Amino acid sequence: MSDRVRSLAAPLVRSVLIAVVLVAGFVACWAVAIEVFDLQAYVVPTPGAVWQAFWENDSFLWPALWVTLYESLAGFALSIVVGLALATVMVYSPLLRGLIMPSLVALNATPKVALAPVLILWLGLGVNSKIGMAFLLSFFPVVVNTARGLAEVDADLLDYFRLLRAGRVRTFVKVRLPNSLPMMFDGFKIALPIAIVGAVIGEFVASKEGLGYQIIVAYSTFSSDLVFAAVILVAVASTVLYGVLVLIERLLLRWRPRSDAPAV
Amino acid sequence: MTAVATGTLLSLQNVSHRYRTSGREVNALDQVDLDLRDGEFLVLVGASGCGKSTLLKIIAGLLDPTEGSLDRSPGLDERGGIGMVFQKPVLLPWRSVLRNVLVPTEVLRTDGAREAALGLIDSTGLAGFEDAYPHQLSGGMQQRVAICRALLTDPPLLLMDEPFGALDAITRERLNLLLQEIWSETRKTVVLVTHNIDEAVLLGDRIVVMSPRPGRIVEVIENDLPRPRGAHTYADPRFAELSVHLRAQIVGTDHE
């Protein structure tokens, strides 16, 4: 194992160990709380019951997870594409920035969850409306952070590239884009979990598949153990994807000083 | 644009630069006449706000003067014809030392610069650090990288905007001597902006003294202290004479 791989893996191993301890502690508190407060199974199921519910229903929970993840990641990818495009436009045109930025702030201020039924009306009951929901919830942090990263370049560095007569495209590719990567990733780390929340909300409102749909069905039969199993599955999947994102960030931003790289 | 006279690299006639900030007009540069001689080491010295950086940007072509005219010899108009070093190294932090030095030829799409880059890295005392990232280097070493980058296209003119202003005194003196060495070996024309009087006297063939509000040239001093200059130069009575004179000029003009 090379030093580089080891230096990337060591903090990961440590955070996994910490996570295991935290999860064990959480499950223990959960089990104790049920005993102490004498909670009914339909209110709070025991950890054992949730575990059992998961493995009894995994034949449809896994496919449901893939649907939800597909919707979330498609919405997230759309956020990145649209976010980068809008941010680029805003960096080069102060006029358009003046138009786009207030619109984005207003859009971000509207309760987007309330728009879920409208999206379903527009995009149908299938995955498209959920992708739309994931996109709508997640793209604000992407566009704001990317725009900042693209814009916050040292004026002398831009002067230097002007002296070389590098042109806009070369300056964008060689300076602005790599300069924005750290901030872009900060935006991605906020956006990715929100995209998953967006997909689940979309499934809640109207759908025939996905974990959100399974949660609604389980609620309707008071199967709290299954609800918990599905919710925990969403949380675990979201955490794993976040970890993957952090790994990609570490690989791409190896050049950053160590102190700048926060643990997972 | 008219051609410049032989032996002159660049000529400024009656150049002024004004800009408005918060409703007030600032006279950054007022009626400056200056010829840059081919191969000379010119120093622009003055208190902050005297327009020396503005003048440097106008020479670089990064700023258009609001008045006056500027004639440049054809060599300067080629891409990569002017090298520039700023007060901050402004390197690309995601690139190694070698790949930072190679930026200009990469932008200009010229090949075969790798050998030249490695030669520059070696001659500026950075050998062994080719693959290091900027954040792993000290400020002085980063500035050496910036100097290599500016020299890679072998430009006839090297512009330096307070390049050693942020460094400690010892590093600054070392880089002063390195710069003199580079200049005497390559015979490039160098324009150095500084507010450090000793640096101005140590390095300049001609020292252009500027005063603030409005930015004007108050005096041009021919400095014939023998070269190569170094630690012994500080003991030269003419060094003391010149720096006392400059201090009187610059510190005097700052207290109106």
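The values are calculated or read from the model by the stated rules, or taken from the named source; none is laboratory data. Computed from a prediction, not measured in an experiment: that's the story for all the values here. Counting neighbours? That spans all protein chains shown, and the Cβs are built from the backbone with ideal geometry, glycine included. Accessible surface areas use protein heavy atoms only, side chains included; no ligands, DNA or RNA. Shrake-Rupley method; radii C 1.70, N 1.55, O 1.52, S 1.80 Å.
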| request: List every residue pair whose Cβ atoms sit under 6 Å apart, with the two residues 6 or more apart in sequence or on different chains, where the first one lies in segment A:216-242 and is in contact (Cβ under 8 Å) with a residue 24 or more places away in the chain and the second, anywhere, is of a type in the set (S, T, Y). | output: A:F222/A:Y42; A:S224/A:Y42
| Taking segment B:63-94 on its own, how many of its residues are without any contact (Cβ under 8 Å) to a residue 12 or more places away in the chain and either touching a His at 6+ places or on another chain (Cβ under 9 Å) or over 23 Å from B:T110 (Cα atoms) (or both)? | 1
| note | B:G128 fails exactly one of (1) surrounded by fewer than 21 Cβ atoms within 10 Å (Cβ to Cβ); (2) closer than 30 Å to B:L12 by Cα, namely (2)
| Before we move on, is B:A200 among the aliphatic types (A, V, I, L, M), under 30 Å from B:N27 (Cβ atoms) and open to solvent by 30 Å² or more (accessible area, probe 1.4 Å)? | no
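Out of B:L42, B:L70, B:L126, B:L34, which single residue is closer than 19 Å to B:I182 by Cα and in a strand (DSSP E or B)? Working first, answer last.
Values: B:L70 fails: closer than 19 Å to B:I182 by Cα; B:L126 fails: in a strand (DSSP E or B); B:L34 fails: closer than 19 Å to B:I182 by Cα.
Only one candidate qualifies: B:L42.
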| request: Quickly run through segment B:9-45 and pick out the residues that are modelled with pLDDT under 90 and within 21 Å of the chain's Cα centre (by Cα). | output: B:A28
| message | Condition first: outside any strand (DSSP E or B) and open to solvent by less than 20 Å² (accessible area, probe 1.4 Å). Now tell me which residues in segment B:74-85 satisfy that. | response | B:L76, B:G80, B:G81
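Please work out if A:Y219 is within 25 Å of A:P117 (Cβ to Cβ), assigned to a helix (DSSP H, G or I) and hydroxyl-bearing (S, T, Y). Break it down into steps so the answer makes sense when it comes.
On the way: within 25 Å of A:P117 (Cβ to Cβ): yes; assigned to a helix (DSSP H, G or I): yes; hydroxyl-bearing (S, T, Y): yes.
Criteria met by A:Y219.
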| said: Tell me whether segment B:107-123 contains one or more residues that are open to solvent by less than 50 Å² (accessible area, probe 1.4 Å), within 14 Å of chain A (Cβ to nearest Cβ) and in a helix (DSSP H, G or I). | reply: yes
| query | Taking segment A:152-176, which residues are surrounded by fewer than 16 Cβ atoms within 10 Å (Cβ to Cβ) and away from every other protein chain (no Cβ under 12 Å)? | reply | A:E152, A:R168
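Matching residues to (1) in contact with a Pro (Cβ under 7 Å, 6 or more places away or on another chain); (2) of a type in the set (D, E, K, R); (3) open to solvent by 30 Å² or more (accessible area, probe 1.4 Å):
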site: B:L137; (1), (2), (3): no, no, no
site: B:V145; (1), (2), (3): yes, no, no
site: B:L151; (1), (2), (3): no, no, no
site: B:N176; (1), (2), (3): no, no, no
site: B:L179; (1), (2), (3): no, no, no
site: B:S184; (1), (2), (3): yes, no, yes
site: B:D205; (1), (2), (3): no, yes, yes
site: B:D224; (1), (2), (3): no, yes, yes
site: B:R227; (1), (2), (3): no, yes, yes
| So which of A:S259, A:S238 ends up being modelled with pLDDT under 95 and either of a type outside the set (K, R) or not in a helix (DSSP H, G or I) (or both)? | A:S259
| query | Which residues, taken from segment A:187-245, are aromatic (F, W, Y), more than 24 Å from A:V44 (Cβ to Cβ) and surrounded by 20 or more Cβ atoms within 10 Å (Cβ to Cβ)? | reply | A:F188
